[in-house]
1. So what's the back-of-envelope 222 nm ellipticity for the chain, counting only DSSP H runs of four-plus at -39500 (n - 2.57) apiece and dividing by all residues, rounded to 500?
2. Give me a comma-separated list of calculated 3J(HN,Hα) values for the range 24-41, in order, Karplus coefficients 6.51, -1.76, 1.60 applied at θ = phi - 60°, integers in Hz, x for any Gly or Pro.
3. Which loop chymotrypsin sites (Phe, Trp or Tyr not before Pro) in the range 1-41, with loop taken from DSSP, have no more than 14 other Cβ atoms within 10 angstrom of their Cβ?
4. Each residue of the range 3-11 in turn: what ³J(HN,Hα) in whole Hz from Karplus with 6.51, -1.76, 1.60 and θ = phi - 60°, glycine and Pro shown as x?
5. Which loop-located trypsin sites (Lys or Arg not before Pro) does the chain contain, where loop means any DSSP state but H, G, I, E or B and the Cβ has at most 10 other Cβ atoms within 10 Å?
6. Considering amide H positions built from the backbone, and no H for Pro or chain starts, which residues 5 or more places from GLU27, or on another chain, come under 5 Å of its amide H?
7. Report, in degrees rounded to the nearest 10, the 0 to 90 angle that the Cα long axis of helix 45-58 makes with the longest principal axis of the chain.
8. Using the Cα atoms of the chain to build a convex hull, what is its mean projected area in square nanometres?
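Values quoted throughout were computed directly from the atomic coordinates according to the rules given, and no laboratory measurement underlies them. Keep in mind that what you see is a predicted model, and the values were worked out from it rather than measured. Virtual Cβ from ideal backbone geometry, glycine too; neighbours counted across all protein chains shown.
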Amino acid sequence: MGFIRHGDTLIGFDEGINPSFLRADLEISSGWDNWKGSYLLANSDTGDVILRYLYAELI
């Protein structure tokens, strides 16, 4: 989908932040924690649309 990874992996006691996915002016953050597992977080309405599309492809 044309994304590149940007940033470092930061690991805490029970959570972590992974490199973000970037494309043009769109950013999707990623990380994990011990309670919820891995996650993706859209930082815009356009990012929400892409995450909904990816979710629909997985189910």
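1. -7500 deg cm²/dmol
2. Karplus-based 3J(HN,Hα) across the range 24-41 equals 6, 9, 9, 10, 10, 7, 9, x, 7, 8, 5, 8, 10, x, 6, 9, 10, 10 Hz.
3. On the way: sites: PHE3, PHE13, PHE21, TRP32, TRP35, TYR39; in loops: PHE3, PHE13, TRP35.
Qualifying residues, ordered by number: PHE3, PHE13, TRP35.
4. Values, residue by residue: 7, 10, 8, 9, x, 10, 8, 10, 10 Hz.
5. Numbers: sites: ARG5, ARG23, LYS36, ARG52; in loops: LYS36.
Answer by residue number: LYS36.
6. ASN43
7. Here the helix axis deviates by roughly 80 degrees.
8. The orientation-averaged projected area of the Cα hull of the chain comes to 4.4 nm².
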